[in-house]
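In what follows, a structure is listed as structure tokens, so that the remarks can point back to it.
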Amino acid sequence: MNPPLDRRSFLGHSLAGLAAASPALSLLGQEAAAKPLRLALVSAASYAPAYGPDPLPRTPGSNHGTAFATTFNGFDEAKAKVFKGTFVRAERRIEGAKVVKIWDPDKATATAIADICGIETVADSPEQCVEGVDAAILIDDGSGAQWKYAEAALRAGVPVFCDKPLAMSAKEAAAIAGIARETGTKFMSASSLRFVPDIVKLREDTATIGPVRLCTVTGPGDLIYYGIHALSMAYAVLGPGVVSAHNTGVEGGHIVRLRHEKDLDIVLLVGARERMRAGFSIQLFGEKGSLRVEPDLKNLYSYLLESFLDFVLNGKESVPVEEEVELIAALEAGQRSLELGREVLLSDLS
């Protein structure tokens, strides 16, 4: 288990080599290390699965919103116990950053979560929420459209993490990625499963089985909205390069063959909970052997958030936004393949 992330260690590594050449940079590093990174959480207090055919009303609480808030700020247990709604308590803390602003359409619930987690300001709008902060985190709120909150922050030069899924279509994903590249503002979107230690180690171990020719990944839920977790494991290990998708399953029981440019196939199995129970797993078949992992998901959000802070502070881009756009396109192609009954090229998506 990694120790809690300390912002000083980030800044020390990134600025040590420059300090000798620039006393000003050295002073900047000392000043920044003394202050917590100020974070904003957008759409972080309520949830509604609005991406499907039968959208539901928003309900108080948020898995990701409360997990992220407690990762940075901790929480008051007595107040958390009386909170009426979903409240996830993070077990692993990240030091050196603090959530100072929160916004949600349900302001009353946002106010309650702010009180539990010691968040200073409950903003009146998403645009107000990203003002005067060092980075913004757009929370998965069930809409599949949290990317719409990114533009104001990006154009203001505020680094953004957009929770999964980046979007529900390749066109939408490419549009917000384009704004990020146009403005030059740091922008990241990814599934937390990319960063759990088991998946990181699997990527390192892959060389022992030779060139991979087949990869199978499994996971629960909707193909795009939750299938992103399963497919992200494959992308984390094998990298981008999917060119087509052929879905031979049924709605709620997807069997998607993804053809990869590295002369390999990825078989993505995603099942709705009411149809079949599937946990997360990945298996690689290489010329010299095979490897299989069912990742331990404990503290998974903290590893994701550490990667984002590393990007903000050190410029280490672990997931280029273009790669995440491709991943969304692969999932969309899989969905469209089921509807059309044939293979769909990612290049054909509009």
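Among the numbered conditions (1) touching a helix residue (DSSP H, G or I) at 6+ places or on another chain (Cβ under 6 Å); (2) under 27 Å from ASP134 (Cα atoms); (3) not hydrophobic (A, V, I, L, M, F, W, C), tell me where GLU95 comes up short.
(1)
Look through the range 122-180, keep the residues that are within 28 Å of VAL242 (Cβ to Cβ) and of a type in the set (Asp, Glu), and return whichever of them is nearest to the chain's Cα centre (by Cα).
ASP163
Does LEU231 satisfy being in contact (Cβ under 8 Å) with a residue 40 or more places away in the chain, closer than 18 Å to GLU324 by Cβ and among the aliphatic types (A, V, I, L, M)?
Taking the combined requirement at face value, the residue satisfies it.
When you go through (1) part of a helix (DSSP H, G or I); (2) of a type in the set (D, E, K, R); (3) not assigned by TED's automatic domain parsing to the domain that holds VAL344 one by one for ASP205, which number turns out not to apply?
Condition not satisfied by ASP205: (3).
Tell me, which strands (runs of 3 or more DSSP E) wholly within the range 216-320 include 1 or more residues that are on the phi > 0 side of the Ramachandran plot, surrounded by 14 or more Cβ atoms within 10 Å (Cβ to Cβ) and in the same structural domain as ALA69 (by TED's automatic domain parsing)?
none
The values are calculated or read from the model by the stated rules, or taken from the named source; none is laboratory data. Keep in mind the model is a prediction, meaning the values are calculated, not measured. Cβ coordinates were reconstructed from backbone atoms using ideal geometry, including for glycine residues, and neighbour counts include every protein chain displayed.
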